Amino acid sequence: MSTAELYRPRETHFAAAFVALLGCGSVLAADGAVSGNTTMAIVGAGLAGAALMLLLCAGLVDGIALVVLCLAVPAPYASGSLRVAPAALATAAALVAWVVQRALDRREGAVDAIPWRAIAALFSVLLLSTAFALQVGPALREILDWFLLLALLAVAVHEFVVEPRRLRATALLIAGVMGVAGFFAALQGIGVLPARFHWRGYVNRATLGFGWPNELGMFMALGVPFSVHACVVAEGRGPRLLARLGLAANLLGLASSFSRGSWLSVAAALPVLLLCRERRFVLRGVLLALVVFVAVDVVSGGEIGQRIASTGGDWEVGQRLALTLAGLLMFRTHPLVGVGPGGFGANLQDFGPQIPALWNYTGSAQNLYVHMAAETGLLGLGALLVLMGAGFLAILRSARPGTGAPPRSLAERSLRRTLLWSFATTCFVGFFEWPFAHGVGELIILIAAMGFALQEEGAP
C-alpha cells in the first residue's frame with residue numbers, strides 16, 4: 001500500500017490536524033525561547049517536529065522543497081563549536097520520511113542514475129580517515145554531516161528521475177528562495193536589520209542565517225543562475241516582473257556579503273557555458289555583470305570598488321593564505337588519510353604556531369581542495385574530486401546539444417545551462433572557501449542531483 005492510498009480518504013482532515021499541531025508547537029517553542037522557559041521551548045519544538053514528520057511521511061509536504069526552504073534560515077542554536085542548522089534538520093527529516101514512504105510504496109525505483117560508486121568511495125574514505133583521526137569527536141560529527149549530504153544526493157536523484165516535474169519546480173523554488181534571501185540580506189547590509197560584521201559608515205557585511213558573510217556570498221553566488229533562469233522562463237507581465245525583482249534582490253544580497261571570492265567565482269564560471277555553445281548568453285552575461293557592478297558601486301558610494309581595491313593589502317587575505325598554508329602542513333604531515341574529518345580547526349593549535357604570520361585561527365583552510373586534503377588526505381581529496389567530476393560531466397553532457405537530437409525548448413535549454421553555470425561556480429568558489437557547510441552544502445548536492453537526473457532523462 002502506498003502512502004497516497006493510505007492517506008487519500010482523509011487527506012484534508014489529516015492535513016488540517018497536522019498543520020494545527022505544527023502551528024501550536026511552533027508558537028510554544030517561540031514563546032518558550034523568548035521567555036526563557038526551556039521546558040516550554042522543548043515541548044513546543046517536539047510537537048512541531050512530530051507534526052512536520054507526519055506531514056512528510058504522509059506525502060503532504062515535499063521533503064526536497066522543505067530542504068530548499070530551510071537553506072538560509074537562521075540556526076536556532078549556534079556557538080563557537082556547534083551550529084544547529086535548519087537545513088541539516090530538514091534534510092534528516094526528509095530522509096527519514098523518504099524511508100518510511102518507500103517502505104509503504106511499491107513503485108519501481110530509479111537507482112541506475114545514482115552515482116553509487118563515487119558515493120561509496122567517498123564515504124568509505126571518510127570512515128577510514130575517521131579511524132585514524134587525531135580528534136575523534138569532530139570526526140564523528142563530520143561523518144554525520146557527510147552522511148546526510150550523500151544520502152540526500154541519492155534520494156534527490158531518485159526522486160528527480162521518477163518525477164521530473166519536481167526537478168523543474170525545485171529549480172524555480174531555489175530562485176524564489178534566492179530572491180527572498182537576497183532582499184533580507186540587502187536590508188542587513190544597509191543596517192535595517194542587525195548584523196554582526198560592520199563594514200564602513202552605514203554599511204554592514206550581511207550574513208543572513210549562515211553566521212559568516214562568505215557563506216552567504218557562496219549561497220547567493222550559486223543562486224544567481226537560478227534567478228536568471230526564472231527570468232528566462234517567466235511568462236506574463238506579473239511573473240516576469242517578479243522574476244526580475246528576484247534577480248535584483250539576489251544580486252544585492254551577493255553584493256551585501258562583500259565576499260570577493262563569491263563575486264569572482266560567479267563571473268569566472270560564466271565562460272564555462274562556452275562548452276555548451278552559449279556564446280551569445282555569455283556575452284550578454286558579461287555586459288550585464290559590468291552594468292550591475294557599476295550600478296551597485298555607485299549606489300553604495302563606491303564601497304564595492306573599494307572592497308576590490310583593498311585586496312592587495314587586506315589583512316583578511318593574508319590570514320586566509322596563512323590558513324591555507326596550515327592546511328598544507330597538515331596534509332604534508334598526514335598525506336594519506338589526513339588529520340581526520342572535521343579536524344582542521346581542532347588541530348590548528350598544533351600546526352598554526354608553525355606559521356608566525358597566522359593569528360586569526362578559524363576552522364577552515366579557506367580552500368575546498370586544501371581543506372579536504374588536510375582532513376582526509378590524498379584518498380579523501382581524490383574521492384571528492386571523483387564525485388565532483390562525475391557531477392560536472394553529468395551536467396555538461398545534459399547541457400550540450402545532442403547531435404541529431406530535436407531542439408530543446410527555451411525552458412529546457414535554460415535549466416541545463418543554469419545547472420552548468422551554478423556547479424561551475426561551486427568549483428571556482430572552492431578556491432576561496434569550504435563550501436560544504438550546511439545550507440550551502442545541501443544546495444550544491446541538489447544541483448548535482450539535478451544534473452545526474454537530467455543526464456538519465458536524456459540517455460537513449
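The values are calculated or read from the model by the stated rules, or taken from the named source; none is laboratory data. These numbers were taken from a predicted model, which means no experiment stands behind them. Don't worry about glycine lacking a Cβ; one is built from the backbone with ideal geometry, like all the others, and counts go over all protein chains shown. Quick note on the areas: whole protein, heavy atoms, side chains included, nothing else; ligands and nucleic acids left out. Shrake-Rupley method; radii C 1.70, N 1.55, O 1.52, S 1.80 Å.
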Checklist entry - Which of 276, 311, 322 sits closest to the plus end of the dipole of the range 265-328, meaning its Cα is farthest towards the positive end, when Lys and Arg get +1 and Asp and Glu get -1 on the C-beta? => result 276
Checklist entry - What distance in nm separates the simple spin-label points at residue 112 and residue 198, each placed 7 Å from Cα in the Cβ direction? => result 6.1
Checklist entry - According to a simple spin-label model (label point 7 Å from Cα along Cα-to-Cβ), what is the distance in nm between residue 24 and residue 378? => result 6.1
Checklist outcome for this item: The long-range amide H neighbours of residue 197, using H built 1.01 Å from N in the peptide plane and a cut-off of under 5 Å, are 205
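If contacts are Cα pairs under 8 angstrom and at least 6 residues apart, what is the relative contact order of the range 162-282 in percent? All intermediate terms of the calculation are to be shown ahead of the outcome.
Values: 172 pairs, mean separation 36.7, N = 121.
RCO, the range 162-282: 30 percent.
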Checklist entry - So what's the gap between the Cα centers of the range 416-451 and the range 338-404, to the nearest angstrom? => result 13
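For the chain, state the semi-axes of the equivalent ellipsoid (square roots of 5 times the eigenvalues of the alpha-carbon gyration tensor), sorted largest first and rounded to whole angstrom.
32, 28, 26
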Next on the checklist: Explain nothing, just compute: Karplus ³J(HN,Hα) = 6.51 cos²θ - 1.76 cosθ + 1.60, θ = phi - 60°, for every residue of the range 182-198 in order, whole Hz, x for Gly and Pro.
Outcome noted: x, 4, 5, 5, 5, 4, 5, x, 9, x, 5, 9, x, 9, 6, 10, 8
Next on the checklist: For Cα pairs less than 8 Å apart in space and 6+ apart in sequence, what is the mean separation divided by the residue count of the chain, i.e. the relative contact order in percent?
Outcome noted: 19
Item to check | Cα gyration tensor shape of the range 150-244, rounded if a/c is under 1.5, else prolate or oblate by comparing a/b with b/c | outcome: oblate
Item to check | C-alpha center-to-center spacing [the range 198-214, the range 41-80] in angstrom | outcome: 26
Next on the checklist: Could you work out how much longer the chain between residue 282 and residue 141 gets when fully extended? Use 0.36 nm per residue separation minus the Cα distance between them, nm to one decimal.
Outcome noted: 46.7 nm
Checklist outcome for this item: For residue 60 and residue 105, extending 7 Å from Cα along the Cα-Cβ vector and measuring point to point gives, in nm, a value of 1.7
Next on the checklist: Can you show me the helix-derived [θ] at 222 nm for the chain, built from DSSP H runs with n ≥ 4 at -39,500 (n - 2.57) apiece and divided by the number of residues, rounded to the nearest 500.
Outcome noted: -23500 deg cm²/dmol
Item to check | Within-13-Å neighbourhood charge of residue 122 [Cβ basis; K, R +1; D, E -1] | outcome: -2
Checklist entry - Taking the Cα centre of the chain as the origin, how large is its charge dipole in debye, to the nearest 20, when only Lys and Arg (+1) and Asp and Glu (-1) carry charge on their Cβ atoms? => result 1100
Next on the checklist: Could you work out what % of the accessible surface of the chain is carbon and sulfur, using a 1.4 angstrom probe and leaving DNA, RNA and ligands out of the count?
Outcome noted: 68
Item to check | Mean separation of Cα contacts under 8 Å, 6 or more apart, over the residue count of the range 84-239: relative contact order % | outcome: 18
Item to check | Per residue value of the accessible surface for the range 84-236 (all protein chains in place, 1.4 Å probe), Å² | outcome: 43
